[in-house]
Every structure is written in structure tokens, then in C-alpha cells.
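Step one of this worksheet: look at the structure below.
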Amino acid sequence: MNDNQFPELSCYLLPGHTKTPVDAIDEAKKAEELGLGKVWLSERFDVKDAGVICSAALATTESIKVATAATNIHTRHPLALATMCSSLHYLSNGRFELGLARGVGIRDQLMGLERVSNRKLGEGVEILRKLWHGEKVMGYEGPMGNLPYLSTGDWLDADIPVHFVGFGRKSLKFAGEVFDGVHLHTYVTPEGLQRAKDAVAEGSAKAGRAAAKVKICSVMATLLEPSREDYLHKVIARMATYMQAPGYVELLVELNDWDAAVLDEFRSSSVVSSIPGSIDSVATLDQLEEIEKLIPESWVSAVAMGSAKDCALRLLQELDNGADEICIHASTPAEFAPVLEEYKKLKSR
């Protein structure tokens, strides 16, 4: 497979925690070989720097798009972020896309950063777009800081798609007003997906934009015949890590209309409080067995899992539910390749 025959499908590079970022190169090549339209990188502050990894992926591929999902508007100076993005754009002949997230509140506090409001995010995106088109930013003083004079060069003319990476209903309405696309979250139920689409459409209407122009990317954990260990690490540990962060998974709970009391019980449990760090990075299998008992099955049901055909059917169902694109998560391209063979068969019927 090649030539991006599945533009509606994408995947993550380096899904989850990694100590070997060089794997991103082979993963991007394999995703391109399989015909995917895009790969996404979720930045982490260890060995997953967005500029570095995206550059490596773009420089070693020819046609596949490479996007962040996500980096943040406030962890780089706006001129530095604009320069990173325009460099990747011109390096790849326009194959780079920027995904921005609001950020995790507790991490912002630890880094000494202010929280990102809608105004800050909106004005940040406006500044980036001006700089990408050779415009100057002068005398700005506002949520993005004190910016007396910013310029990247009059000759620049880069149309770089900007995606909002998030899932809070209010944020999704805002995204419909400002962004080119929305990249959702793992574990969004079919009902949650519809609520997300409705929120984006409401924001688009408010801004006088066509809702169809804001593309919705659904994130789908995809596990082909997973072992018990894989299931615990790639499904349970991932959800548990989201549930650890105060103020984070609450938005997913609201979007999916789940019982918020589950979170309180989870966070007060002795096994969770005993783990010194992110569960997906440090928890043992025995701990994950105990943690699984704290998470309702319905909270981890929105995944593609089982045989290659089972997984392919679930991907097609997600598109039928209204997603414009699906980002395959929790598996590498080599691991989910058989799913694409079945997907191709089913799609051609």
C-alpha cells in the first residue's frame, strides 16, 4: 500500500511513553508505505520534542503529512513557535500541520506558566498566522506577552493548518470559531463524538463559518488480538494516567456523560496513591490488575480491539458516526498493518 490511499486514517508516532525516539523515523516510513494520510506526534518533555521529531519524520518521508497533537501555544516564544512551524512547512513542501492543546493545569503550575485562556489561544493563533504570511506583529501587549516587534520575513506565505487538540465542550465551541480542525481524545464514545460535533458546529455558526470546514479527527486505540499484558498497558494504564491528572479527565467525563463519582473513588484508592508518577510509565502489572477494577468497562469500551476484521469494522463505524478522520492510537504501523488489509476489503464493498 502507498500513495496515501487512506487519507481519512492517521496514527501517532511514538504512541505513549518512549525511550527510543529514533523509532519515529521507521514508524513514519511504515505509515506512509501503508497509505495513511498523516502521522501525529504528542510532545513530551523528555525525548519527544515536537520540532525535532517532526523534522525527522518529514525529512525521511515523501508524501505523508506530519502534525503535532499536541504542543502548546505558551511553551515557546511565539516567534520561536512560528519559526519552527514555517521551517517544517518549507522543509516538507507544505506537509506539516500544527496541533495545539491548552495544556495540563498542574504541569503549567510546575513550569511556572500561566493557564491558557481562550483569548490567549485565539490571539496566539492569530499571531502565528500573521507571521506565516510575512506580516509583522508590532506593539502587541496582551495574553501572549509583551511583543514590541516580531517579523519572520516578508517573503513568507505559508498556509499551515492549525488543529485544536482537546475535548471540553466549551473549548470545542471555541475551536469551531478559530481552528481548521479538532483532534479529539481516546475513549470518546459515539454519543460523546456527536456532542463534540455539535459543539464545534455551534462555534462555527457563531463565527459565520461552515462547520464542515472544521475537520473532526477521532482518536481510536486499536489493538489487534492484544495479550493480557498489552491490554493492561495500552488501555487500562493509559486511561488510568488520564484519570490521575486533576482537572483533565473531568472534561472527558462531561463529554461522555459518565459518573464523576468514579473519579473520586479512583483517586482515593490506595493503589493509585502509592504510584510515584504517571501510571503508564511506572505501574507494575500487579498494580494495573488492581487499577482495572477501579475503571468501569464502559470507560474503556470506545476502542478497536480483537481480530483485524473486528478492528476494521470499528474504524468504519467511527467514520459512520461522523468523524472525518481517525487517528489510530496505542499501536505502531507495523502492528496495525493487518487491520488496514481488512479495512481496504470492507471499504471497497
Legend entry - Restricting segment 264-273 to residues that are touching a residue at least 12 places away in the same chain (Cβ under 8 Å) and surrounded by fewer than 17 Cβ atoms within 10 Å (Cβ to Cβ), the residue that is nearest to the chain's Cα centre (by Cα): ARG267
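Rundown of residues vs (1) in contact with a Ser or Thr (Cβ under 8 Å, 6 or more places away or on another chain); (2) of a type in the set (A, V, I, L, M); (3) over 30 Å from GLU8 (Cα atoms), yes/no style:
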residue: LYS136; (1), (2), (3): yes, no, yes
residue: HIS163; (1), (2), (3): no, no, no
residue: SER171; (1), (2), (3): no, no, no
residue: VAL178; (1), (2), (3): no, yes, no
residue: HIS185; (1), (2), (3): no, no, no
residue: ALA196; (1), (2), (3): no, yes, no
residue: VAL200; (1), (2), (3): no, yes, no
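Each row is one residue, and each column tells you yes or no for (1) surrounded by 17 or more Cβ atoms within 10 Å (Cβ to Cβ); (2) aromatic (Phe, Trp, Tyr); (3) in a loop (DSSP other than H, G, I, E, B).
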position: HIS74; (1), (2), (3): yes, no, yes
position: LEU81; (1), (2), (3): yes, no, no
position: ARG129; (1), (2), (3): no, no, no
position: ASP154; (1), (2), (3): no, no, yes
position: ASP159; (1), (2), (3): no, no, yes
Inset, instruction - For LYS30, state whether it is under 21 Å from ALA221 (Cβ atoms) and either among the small types (Gly, Ala, Ser) or not in a strand (DSSP E or B) (or both). - result: yes
Inset, instruction - Could you look through segment 249-263, keep only residues that are touching a residue at least 24 places away in the same chain (Cβ under 8 Å) and buried (at least 18 other Cβ atoms within 10 Å of the Cβ), and pick out the one that is nearest to ASP310 (Cα to Cα)? - result: ASN256
Inset, instruction - Might you check whether a residue that is buried (at least 20 other Cβ atoms within 10 Å of the Cβ), at pLDDT 95 or above and among the basic types (Lys, Arg) occurs anywhere in segment 191-208? - result: yes
Inset, instruction - Identify the single condition in (1) of a type outside the set (Val, Ile, Thr); (2) closer than 30 Å to ILE64 by Cα; (3) at pLDDT 95 or above that MET138 does not satisfy, given that it satisfies every other one. - result: (2)
Legend entry - Residues of segment 16-39 classified as out of contact with any strand residue (DSSP E or B) (no Cβ under 6 Å at 6 or more places or on another chain) and either hydrophobic (A, V, I, L, M, F, W, C) or crowded, with 23+ Cβ neighbours inside 10 Å (or both), total: 4
Inset, instruction - Can you work out which of the residues in segment 276-315 that are touching a Phe, Trp or Tyr at 6+ places or on another chain (Cβ under 7 Å) and outside any loop (DSSP other than H, G, I, E, B) is surrounded by the fewest Cβ atoms within 10 Å (Cβ to Cβ)? - result: VAL300
Legend entry - Single residue of segment 43-71 satisfying the filter (in a loop (DSSP other than H, G, I, E, B) and buried (at least 22 other Cβ atoms within 10 Å of the Cβ)) that is nearest to the chain's Cα centre (by Cα): ALA69
Legend entry - Matching option when the condition is among the aliphatic types (A, V, I, L, M), over 30 Å from ALA199 (Cβ atoms), under 24 Å from the mean Cα position of the chain (by Cα) and at pLDDT 95 or above, among LEU315, LEU232, LEU285, LEU319: LEU232
Inset, instruction - Please tell me if GLY94 is out of contact with any Ser or Thr (no Cβ under 8 Å at 6 or more places or on another chain), assigned to a helix (DSSP H, G or I), surrounded by fewer than 22 Cβ atoms within 10 Å (Cβ to Cβ) and at pLDDT 95 or above. - result: no
Inset, instruction - Find all pairs meeting these conditions: Cβ atoms under 8 angstrom apart; at least six residues apart or on different chains; first residue within segment 142-157 and in contact (Cβ under 8 Å) with a residue 60 or more places away in the chain; second residue in a strand (DSSP E or B) and among the hydroxyl-bearing types (Ser, Thr, Tyr). - result: LEU147/TYR140; LEU150/TYR140
Legend entry - Check on GLU114, farther than 25 Å from ALA330 by Cβ, at pLDDT below 95 and either of a type in the set (Asp, Glu) or assigned to a loop (DSSP other than H, G, I, E, B) (or both): yes
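The values are calculated or read from the model by the stated rules, or taken from the named source; none is laboratory data. As the structure is a prediction and not an experimental result, all values here were calculated from the model. Heads up, the Cβs are rebuilt from the backbone with ideal geometry, glycines too, and the neighbour counts pull from every protein chain shown.
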